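What follows is a short report on a single structure.
The values are calculated or read from the model by the stated rules, or taken from the named source; none is laboratory data. Computed from a prediction, not measured in an experiment: that's the story for all the values here. Backbone-built Cβ (ideal geometry, glycine too); neighbour counts: all protein chains shown. Calculation scope for accessible area: heavy atoms of the full protein, side chains included, ligands and nucleic acids excluded. Shrake-Rupley method; radii C 1.70, N 1.55, O 1.52, S 1.80 Å.
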Amino acid sequence: MLLTGRRHPVARRLLFGTAVALPAAFLPLALPMAGAAPARPDLAALVTLKDIQPHLAAFQEIADYNGGNRAAGRAGYDVSVRYVTGRLKRIGFSPKVQKFTYPYWRERSHATFARTAPSKASYKREVDFLTLAYSGSGDVTAPAAAVDVPAKGEGTSGCEAGDFKGFAKGSIALVQRGTCTFAVKAARAKAAGASAVVIFNKPGEKGPVNGTLSKPAAIPVVGPTHAVGAALVKAARKGGVKLRVRTDAVHGRRTSANVIADTRQGRADNVVVVGAHLDSVPAGPGINDNGTGAATLLAIAAKIKELGKDGLRNRVRFAWWGAEEEGLQGSEQYLRSLPAAQRERIALNLNFDMLGSPNGTRGVYDGDHSTGTGTQAPAGSGAIERMFRQYFKGRRLPVTESQFNGRSDYGPFIERGIPAGGMDTGAEGVKTAAEAKAFGGRAGKAYDPCYHAKCDRLRNVNLKMLASNADGVAHVLQHLARTTVAVNGGARRAPALDGAYEPLWQGPYLVR
């Protein structure tokens, strides 16, 4: 995810209440009575914080000696892959390193966005505007023209070819974010002869647009705040407004890799895929984001064989995804590479991205869509959410609901109709007073003040939060390794997709 420092609120609803009666699979494991069959192993008890911390320290050391980060396409990531594969081999797995290429885009120098007439004004990068990922390069000074900007609300500015009727070729298009993707808006503008595109934020949304065009564009595209855009539209309608848009970017393809490791036991036709992204952003070592998820999976993998044949009735596939911060590239490439018959063997996906935010909350993905926000996940996702909620209620630990919005590696699974679930503890969003009362920490401050920054180091991890979350991860995974009946009836079926999946995010970038 790009370093923006901007807030993108995520719907998170606090869940409270007394502990509910739990199914037998979720009750604490008691000591066996004399002559009774031995109790099942408890994976949550077997995996401790002391098992996780050495992996976090290793990721920190790898970053420190490899340019300060573990970003995809860089040395720190390659060494992280070697570390994970080495640890997996040591504990009895036969990991596979799946290499792939992905589209790469970076700004070579900071962009310029300014009004040159009738009066002059320069806008500040990251505060007033951002360059959209996959923007083309160029230095354009030209008249600005508003394109179907609504008087109020979101609207469909720039979504239809007819919006550009009468648009003067060579002008800079002013369009408002809303309804369709940024890629569609930019393509429509380019087809109408625009020399650059300014896609400003919609009403009620703070900050500039941190978006992506998903593939390279031929012209510069920037995303200012709503306030900046609305003021330019008002002036442009009076005539005489000229803007300068200068972008300097490079794009191409790079190579990264996923690490995949299956348990030796369990049904090959009903696979539980549990994943976490392994890469950081270039700005820092990424210990909370997402060393915490990657390290937790390594610790669980080391103990999962203790469940035995009865506990591993379903195959568990551990995955460390590459290039998540480049737009979920690793998980997307993995699923795209699988033949349809193999995709249909995947029972569900569990995803863990940021488990120890220092000012965090205990966020469980909203599988039943009870918040009414984000994407409605495939059937079975609500059952996964309930498993997490019941476990934490049994321990009298509060949780919030995090929306499925496309910000992490569950996205490609949901898109293909595969049930999903998981946890996070918050990124650049700001903690509410109610959350501070429930979880501690400081209201009005970011869940992770070092999100996508150089300071995302070992000291940035809330170890107490990480420990309790790791317990929940292990507990739910143990249940699903034994049975997925609550999620898919115990047998995977090809989903009937309706094509309605419309993520708001593609990893770190907004898409619409």
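Only helices enter this figure: runs of n ≥ 4 DSSP H residues, each worth -39500 (n - 2.57), summed and divided by the residues of the chain, yield -8000 deg cm²/dmol at 222 nm to the nearest 500.
Phi angles across the stretch 68-84 convert, under the Karplus curve 6.51 cos²θ - 1.76 cosθ + 1.60 with θ = phi - 60°, into 3J(HN,Hα) values of x, 8, 10, 6, 4, x, 10, 4, x, 6, 4, 5, 4, 4, 5, 5, 4 Hz, Gly and Pro given as x.
Working from label points 7 Å from Cα in the Cα-to-Cβ sense, the Arg264 to Leu463 distance is 3.4 nm.
Relative contact order of the stretch 350-410, taken over Cα pairs closer than 8 Å and 6 or more residues apart, is 46 percent. A Cα-only calculation for the stretch 300-427 places Rg and Dmax at 15.0, 43 Å.
Close amide-amide hydrogen proximity is noted between Gly211 and Ala133, Leu510, each under 5 Å apart and 5 or more residues distant or on a separate chain (H modeled in the peptide plane; Pro and chain starts excluded).
Can you list which of the trypsin sites (Lys or Arg not before Pro) found in the stretch 387-442 are DSSP loop residues with at most 10 other C-beta atoms within 10 Å? Answer in residue order: Arg396.
For Gly422, the residues whose modelled amide H falls within less than 5 Å of its own, excluding neighbours fewer than 5 places apart on the same chain, are Asn351, Tyr365. Straightening the chain between Tyr65 and Thr371 buys 105.8 nm, computed as 0.36 nm per residue apart minus the Cα-Cα spacing.
For the stretch 397-474, the relative contact order is 21 percent, taking Cα pairs closer than 8 Å that sit 6 or more residues apart in sequence and dividing their mean separation by the residue count. Loop-located trypsin sites (Lys or Arg not before Pro) in the stretch 194-271 (DSSP state other than H, G, I, E, B) with a sparse environment of at most 13 neighbouring Cβ atoms within 10 Å: Lys206, Arg264.
Helix 463-482 and the longest principal axis of the Cα set of the chain meet at an angle near 70°. Counting only aspartates and glutamates at least 8 places from Lys99 when in the same chain, those with an alpha carbon closer than 20 Å to its own are Asp78, Asp262, Asp279, Glu324, Glu325, Glu326, Glu332, Asp409. Within the stretch 237-254, what residues put their amide N at less than 19 Å from the label point 7 Å along the Cα-to-Cβ vector of Thr116? Residues passing the 19 Å test: 237, 239-249. In the chain, excluding the sites themselves, the longest stretch lacking any of the chymotrypsin sites (Phe, Trp or Tyr not before Pro) that are in a DSSP loop with at most 14 other Cβ atoms within 10 Å is 66-512. With the convex hull drawn over the C-alpha atoms of the stretch 50-195, the volume per residue is 202 Å³.
Relative to the Cα centre, the charge distribution of the chain, modelled as +1 at Lys and Arg Cβ and -1 at Asp and Glu Cβ, gives a dipole magnitude of about 460 debye. Of the residues Tyr102, Gly382, His479, the one whose Cα sits farthest toward the positive end of the charge dipole of the chain, with +1 on the Cβ of Lys and Arg and -1 on the Cβ of Asp and Glu, is Tyr102. Accessible surface for the stretch 40-114, divided over its residues, is 49 Å² per residue with a 1.4 Å probe. For the chain, the fraction of 1.4 Å probe accessible surface lying on carbon and sulfur atoms is 53 percent.
Eigenvalues of the alpha-carbon gyration tensor of the stretch 363-512, scaled by 5 and square-rooted, set the equivalent ellipsoid semi-axes at 27, 20, 14 angstrom, largest first. Of the GluC sites (Glu not before Pro) found in the stretch 325-430, none is in coil by DSSP with at most 11 other Cβ atoms within 10 Å of its Cβ. Computed on the chain, with alpha-carbon pairs under 8 angstrom and 6+ residues apart, the relative contact order is 22 percent. Scalar couplings 3J(HN,Hα) for the stretch 281-289, obtained by applying the Karplus form with A = 6.51, B = -1.76, C = 1.60 to θ = phi - 60°, are 7, x, 6, x, x, x, 7, 6, 10 Hz; x denotes Gly and Pro. Size descriptors for the stretch 405-452, from the alpha-carbon set: Rg then Dmax equal 14.0, 38 Å.
Straight-distance candidates among the lysines for linking to Lys445, with alpha-carbon spacing under 25 Å and chain neighbours fewer than 8 residues away dropped: Lys124, Lys202, Lys206, Lys431, Lys437, Lys454, Lys464.
If you wrap the tightest convex hull around every Cα atom of the stretch 364-451 and split its volume per residue, you get 94 Å³.
Using θ = phi - 60° in the Karplus curve 6.51 cos²θ - 1.76 cosθ + 1.60, the 3J(HN,Hα) couplings for the stretch 337-353 round to 7, 7, x, 4, 4, 6, 4, 6, 7, 7, 6, 5, 10, 10, 10, 9, 9 Hz; x is entered for Gly and Pro.
Cα-based radius of gyration for the chain, normalised by 2.2 N^0.38 Å, reads 1.01.
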